[in-house]
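Structure first, commentary second.
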Amino acid sequence: MNSQNVTDYPNNNTYFLVWNFKQDADSSKIKAVFQRMCALIINLNNSALDRFPDSKASVVMGIGYEAWLQLELPTPLPKEFKKFEEIKGSKHTAVSTRGDLHFHIRADEKSFAYDMASTISDFMKDIADCVVEVQGFRYWDSRSILGFVDGTENPHGKDRDYFAIIGETDPEYQGGSYLFTQKYIHNMNAWKSLSVEDQEKVIGRSKEQDIEMDDDVKPKNSHIALANVGDDFKVVRDNMPFGNVSTNEMGTYFICYASTFSTVEKMLTNMFIGDPPGNYDRILDFSTAQTGTLFFVPSADMLDDFSS
């Protein structure tokens, strides 16, 4: 079963687009545009591969729970596909927001990413509104705006497929992936007021060399201690930084592909509620989640079926 390009590594330039169907749009028109969109995604990826094989350009489309039902896509649904419910801790909340279609566009060349985003928008604008547009960029050696390397714990090699792509546990949706996204805004003034030593305690790693602290030194409420839930429970993260320097609206678009959504839920519960409860992820004192949506990424073969 051919998958969409969910296990590629982050590129230099990324567009993240979330579109919601208009309430007054005709249902048959929405379904017709969705059908064309499935064909377009296949076309864009094939064209990029044929015309610019070294561009590392691709687009992945995910479908939200409510959209899946509205479009009358196959049932029963993927085993762990549902509407994401907010996770509310004593101080911070992983909010739940609506998202019907999610587009993850990667390219080393920004012009390529822009053209893909523009083409998709031309197709979508009559039947949906774009509620999230984030233009991510590679910051130095894959660091977040907070200055720490992001994604060090990502699986590599064959493990990327294992942790990101559904296998035989859900045969009807083999080759698909669960996609979870959150748009975080960082309080950069508060973050910069910390010493490097205190920042390292928040993250659980050294800032310059990206070396994880020993367990007897690493704070129990550090990001590394709570966001990583074990070697048997991993996801493939494709986070990218973004920002507006003049308004100081700097952030991270958290995005992960997973073969099981329960792994993501466990990670979020650790971060927002804490382990034990109350011992929440200290990074949340500086990073606020503005969105939170679960999507399902059909296999490329299923996309092809949807397009006809």
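The values are calculated or read from the model by the stated rules, or taken from the named source; none is laboratory data. Just so it is clear, the model here is predicted, and its values are computed rather than measured. Ideal geometry is used to build each Cβ from the backbone, glycine not excepted, and the neighbour counts take in all protein chains shown. Please note that ligands, DNA and RNA were not included when accessible areas were found on the heavy atoms of the full protein model with its side chains. Shrake-Rupley method; radii C 1.70, N 1.55, O 1.52, S 1.80 Å.
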Exercise. Note the angle between two axes, namely the Cα long axis of helix 261-272 and the longest principal axis of the Cα atoms of the chain, as a number of degrees from 0 to 90, rounded to the nearest 10.
Key: 40 degrees
Quiz prompt | Proximal lysines relative to Lys29, as straight alpha-carbon distance under 17 Å, when same-chain residues fewer than 8 apart are discounted | solution = Lys125
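Kindly report the accessible area of the chain per residue (heavy atoms of protein chains, probe 1.4 Å, no ligands, DNA or RNA), in Å². Intermediate results must be reported in sequence, preceding the final value.
Working: 14440 Å² over 308 residues.
Dividing the accessible area of the chain by its residue count gives 47 Å².
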Quiz prompt | Cα gyration tensor, the stretch 129-255 - rounded (a/c under 1.5), prolate or oblate | solution = oblate
Practice problem: On a 0 to 90° scale, report how tilted helix 27-51 is relative to the longest principal axis of the chain, with both axes built from alpha carbons and the result rounded to the nearest 10. | Solution: 70 degrees
Quiz prompt | Debye equation applied to the C-alpha atoms of the stretch 147-194, log10 I(q)/I(0) at 0.21, 0.22 Å⁻¹ | solution = -0.87, -0.91
Practice problem: Give the longest segment of the chain that steers clear of GluC sites (Glu not before Pro) in DSSP loops with at most 11 neighbouring Cβ atoms within 10 Å, not counting the sites themselves. | Solution: 209-308
Exercise. Please determine, in degrees from 0 to 90 and to the nearest 10, the orientation of helix 110-124 with respect to the longest principal axis defined by the Cα atoms of the chain, where the helix direction is its Cα long axis.
Key: 50 degrees
Quiz item: Starting at 0 and stepping by 10 Å, how many percent of the alpha carbon pairs of the stretch 30-80 end up in each bin?
Solution: 21, 40, 26, 13
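Assign one of three labels to the stretch 20-121, namely rounded, prolate or oblate, based on the Cα gyration tensor with a ≥ b ≥ c the square roots of its eigenvalues; rounded applies when a/c is under 1.5, prolate when it is not and a/b is larger than b/c, and oblate otherwise.
oblate
Report, to the nearest whole %, how much of the accessible area of the stretch 89-231 belongs to carbon and sulfur atoms, 1.4 Å probe, protein only.
On the way: 3260 of 7020 Å².
Here it works out to 46 percent.
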Quiz prompt | aspartates and glutamates with Cα under 12 Å of Lys56, excluding same-chain neighbours fewer than 8 positions away | solution = Asp8, Asp108, Glu109
Quiz item: So what's Rg/Rh here for the chain, counting alpha carbon atoms and using the Kirkwood radius for Rh?
Solution: 0.96
Exercise. Run the dipole for the chain about the Cα centre, Lys and Arg Cβ at +1, Asp and Glu Cβ at -1, nothing else charged, and hand back the magnitude in debye, nearest 20.
Key: 620 debye
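Over 23 Å between Cα atoms: which of Lys88/Lys220; Lys79/Lys266; Lys218/Lys266; Lys83/Lys234 fall into that group? It would help to have the intermediate numbers written out before the result.
On the way: Lys88/Lys220 20 Å; Lys79/Lys266 17 Å; Lys218/Lys266 20 Å; Lys83/Lys234 21 Å.
With Cα atoms farther than 23 Å apart: none of Lys88/Lys220; Lys79/Lys266; Lys218/Lys266; Lys83/Lys234.
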